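Notes for the one structure printed next.
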Amino acid sequence: MKVAITGGSGHLGSAIIEEMLNRNYAIKALVHLKGNFLERENKNIEIVKGSLQDENSLTELMEGCDYLIHCAAVISISGDKNQLIQKVNVQGLENVLKVASKNNLKRIIHLSSVHAYEHVPMDQLLNETRNFVSDQAYAYDKSKRDGQLIARTYFEQGLPIIVVNPTAVFGPPNFAKCKQNSAFVSMSRRRIPFVFKGGYNWVDVRDIANSVCNALTRGEPGESYILGGEYHTLKELSRTVAKVSNKRIPCFEIPVSLVKLFLPLIGMYYKVRKQDPSITRESIEILEFGNKHISSEKARIHLGHHARPTEETMKDLLTWHRDNH
């Protein structure tokens, strides 16, 4: 089995590649820049340098492959001022599927997000029948909605596409240094003295990788599958960090309204440090209005999706960072 993958150097992409290596798949990975994970010598990984905007590199990527996993995407909690989200998440996907339609691929797995679905009302079940977000949603959410609609169109034209919708992904490996993982590591080092009220559904990146690889041979083309885990508030997660670290980690919970009040100062802080902000109105509202009843039952039945306990993921994450400096 030879599998092409986009976004191979990202957090999710690197976990999927590790899972594919465990299954002895031959891999072709499209990357902009080689990360440490992909730099290591491995005869089963063929690197294709290019981008989602370059038809030649996409053609080279898919040549000789049986399957395609598309997980390249831009994640944003700050809108889409430079239109990069639209360019990558929507136009990039269409470019990929145009090239895929010229190849005899057995199956294509498109990594969307649970953000494509409307989360309110928060106290009612959210599954694959939930409505997509409206045009009033944030740019990232709309890009995932539009990408999923594009995938549906290509399926209707004959492409064997399956869509998967992960929730909030964290855990090792963390070669890509994702923001969620960085926050938990900082929390374990007592660098985050407070959290605000709110939470989300969290899932181990390795469990997502396992289910994505299962989807290469399981599930039905044309269907979408939510890949989730457990809902936890930020306060609960801080306690989990303290427990697995075996430390006393003071972490106070403050009202969301207070955090929003200080957003201008927080924005200035990140601007002075020339860093992308980790706290924005968008990131606050994601956690403030995160649905507490996200169901992965469909994925469990058809893809064998299984989410390990959050405490296990947190322990493995902190151990991974200690072992990998």
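Structure data summary
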read-out: Among the residues listed as Y225, Y231, the single one being hydroxyl-bearing (S, T, Y), open to solvent by 40 Å² or more (accessible area, probe 1.4 Å) and not in a loop (DSSP other than H, G, I, E, B); value: Y231
read-out: Contacts under 6 angstrom Cβ, first residue in region 216-232 being more than 22 Å from I17 (Cα to Cα), partner in a loop (DSSP other than H, G, I, E, B) and open to solvent by 70 Å² or more (accessible area, probe 1.4 Å), 6 or more apart; value: Y231/K292
read-out: Residue in region 252-268 that is in contact (Cβ under 8 Å) with a residue 12 or more places away in the chain and assigned to a loop (DSSP other than H, G, I, E, B) present; value: yes
read-out: Test: residue in region 161-169 that is in contact with a helix residue (DSSP H, G or I) (Cβ under 8 Å, 6 or more places away or on another chain), over 18 Å from A72 (Cβ atoms) and surrounded by 20 or more Cβ atoms within 10 Å (Cβ to Cβ); value: yes
read-out: Residue in region 283-305 that is of a type outside the set (A, V, I, L, M, F, W, C), more than 30 Å from S224 (Cα to Cα), at pLDDT below 95 and in a helix (DSSP H, G or I) present; value: no
read-out: Failed condition for T217, given (1) buried (at least 20 other Cβ atoms within 10 Å of the Cβ); (2) within 15 Å of V164 (Cα to Cα); (3) of a type outside the set (D, E, K, R); value: (1)
read-out: Enumeration of residues in region 127-160 that are of a type outside the set (D, E), surrounded by fewer than 23 Cβ atoms within 10 Å (Cβ to Cβ) and touching a residue at least 60 places away in the same chain (Cβ under 8 Å); value: N127, Y138, A139, Q148, I150, R152, F155, L159, P160
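The values are calculated or read from the model by the stated rules, or taken from the named source; none is laboratory data. This one's a predicted model, so the numbers in the text were calculated from it and none came from an experiment. Because the Cβ atoms are built from the backbone with ideal geometry, glycine has one as well, and the counts that use them run over all protein chains shown. When the accessible area is computed, the model is the full protein with side chains, heavy atoms only, and any ligands, DNA or RNA have been set aside. Shrake-Rupley method; radii C 1.70, N 1.55, O 1.52, S 1.80 Å.
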